[in-house]
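Notes for the one structure printed next.
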Amino acid sequence: MKPPSGFPTAVVAETMAEFKCRLVAVDCHPDLQERMTYILRGEGKYIRPLLLLTFYRLMGQRGEAGIQAALAVEYIHAASLIHDDIIDEASLRRGRTTAHKKWSIKEALLAGDFLYARAKEAVRRHLIAALEEKIASSDKALEVAILRAKLKGLR
């Protein structure tokens, strides 16, 4: 299926590339970093963050808020898959050893819980970024209003 005319395909692809880099750049203890890289570098389609970032772009949003929202969605999704694999006693997910089989159930649960905590942090960052973007936008509108008022006074 071809995107509609004027659809910002290149912009969304660029944003997805940034998202994927940021996804695995999780700030954590070195012992946990290996697990996060393994879990988050799966061969997923990333459909949830792709849809979310596409929506942000179509609405004219280009800031940090969209990336943080996409990270939160993907962290929650990855954490839920870890917990689901444990409950289902799955050995493989998309042809790769599941986290609890690769390490242990305790370590997999801790990794999933860590991802839930990271999702909460990403939501917090999303809200802050969205607020900062709104403030910057209203500051610009205020500057324009002041400039217009000054120009009217000069007439």
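Projecting label points 7 angstrom from Cα along Cα→Cβ for Val144 and Ala90 puts them 4.8 nm apart. Residues Ile86, Ile105, Ile47, Ile67 in ascending order of nearby Cβ atoms (within 10 Å, fewest first): Ile47, Ile105, Ile86, Ile67.
Residues Leu127, Leu40, ranked from the fewest to the most other C-beta atoms within 10 Å, line up as Leu127, Leu40. Modelled spin-label separation between Leu32 and Ala17, with each label point placed 7 Å from Cα along the Cα-to-Cβ direction: 3.0 nm. Loop-resident GluC sites (Glu not before Pro) (DSSP state other than H, G, I, E or B) in segment 74-155 with no more than 13 further Cβ atoms inside 10 Å of their Cβ: Glu89. Residue order for Met59, Met16, Met36, fewest other beta carbons within 10 angstrom first, comes to Met59, Met16, Met36.
I need the shape label for segment 22-64. Rule: rounded when a/c is under 1.5, else prolate if a/b > b/c, else oblate, with a, b, c from the alpha carbon gyration tensor. Oblate, since a/c reaches 1.5 and b/c is not below a/b.
Amide H contacts of Arg93: Thr98, each under 5 Å away and 5 or more positions distant or on a separate chain (H built 1.01 Å from N in the peptide plane; Pro and chain starts excluded). Each listed q (0.09 Å⁻¹) maps to a log10 I(q)/I(0) for the chain, found by the Debye formula over equal Cα scatterers with no solvent: -0.40. Taking a straight line from the alpha carbon of Lys134, these lysines sit under 28 Å away, with near neighbours fewer than eight places off in the same chain left out: Lys20, Lys120, Lys150, Lys152.
What you get for the chain, charging only the Cβ of Lys and Arg (+1) and of Asp and Glu (-1), is a dipole of about 780 debye around the Cα centre.
Kindly point out which whole DSSP H helices in the chain project their C-alpha atoms 30 angstrom or further along the helix axis while averaging a Kyte-Doolittle hydropathy of -1.0 or above. Taking the DSSP H segments of the chain (at least 30 Å long, mean hydropathy at least -1.0), we get 64-88, 105-154. Which of rounded, prolate, oblate describes segment 107-155, given a ≥ b ≥ c as roots of the alpha-carbon gyration tensor eigenvalues and a/c under 1.5 marking rounded, otherwise prolate only if a/b is larger than b/c? Verdict is prolate for segment 107-155.
Any read-out appearing in this document is the output of simple, stated calculations on the displayed coordinates, not a laboratory observation. Please read all numbers here as calculations on a predicted model, not as lab measurements. Virtual Cβ from ideal backbone geometry, glycine too; neighbours counted across all protein chains shown.
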